[in-house]
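Working notes, beginning with the structure itself.
No value in this document is a laboratory result; all are computed from the given coordinates. All of these numbers come straight from a predicted model, not from anything done at the bench. Here the Cβ is made from the backbone with ideal geometry for all residues, glycine too, and neighbour counts use every protein chain on show.
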Amino acid sequence: MRRAVYSIVASVSLMVAAHAWTVTIIQSQGQLNPGAVTTNVPVVVVNNPLPQVTFLTAAGVPNPILVGDGTNFTNGEFTATYSIAPNPAPTGQLTGFNFIVSGFVQGSARITWQKRVVRNSDNAILYLESGQISGAGLGGTDGAFNLNIFGALSQPADDVTVYENFTLFVGGSAPGFDTASLLLVEQDWVPEPASLLALGAGLAGLMGLRRRAR
């Protein structure tokens, strides 16, 4: 019985290891204007069991990704590019991601975003979407916001490059009031259902054997 338990533990460990990924950050940088001030944004990456990439835009150096709010900046952008590849090969496929964006807008302020996912093997675009968040002065709502969008790839893939761009703008006559702030940008990737079922079956088998052993 003990050998069987060890065997399932080893199998589950191998399944988890098989779903490790290589995440390469290609770009994570902003620019604030006027002055064309470059700001570098730190990134937190998790690659096992699934890719998770978090851009800490509020912690940009030397400036957060923020315009208005009494600063000299009236517009700016944040650009991020990263790739995902299997490590070690082969792994399961990815089918989509949860896209989380947190920030703050107030007055005549707007943040627009665009996100594109390209399969590296043939440059096929698997996801392309855009959107915007506006303050009350531009027809939206003032205050903090937290977007949580599920992005489904048009086809499962295991080797992709992700491109995303955010543009910030304030256009009112009250520079100490109008604010566009990008606090955090995160993406949590989702596997194909078969990969989840395989991992779940292994864990269920392990729990069953433990109960019998008792």
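For this structure, a couple of remarks:
- Taking the Cα centre of the stretch 20-191 as reference, the dipole from Cβ charges on Lys and Arg (+1) and Asp and Glu (-1) amounts to some 80 debye.
- Gain in span if fully extended, Val37 to Thr54, counting 0.36 nm per residue against the direct Cα distance: 3.9 nm
- The gain in end-to-end length when the Thr79 to Glu192 segment is fully stretched comes to 37.9 nm, 0.36 nm per residue minus the alpha carbon separation.
- Using C-alpha pairs under 8 Å with a sequence gap of at least 6, the mean separation divided by the residue count of the stretch 20-191 gives a relative contact order of 32 percent.
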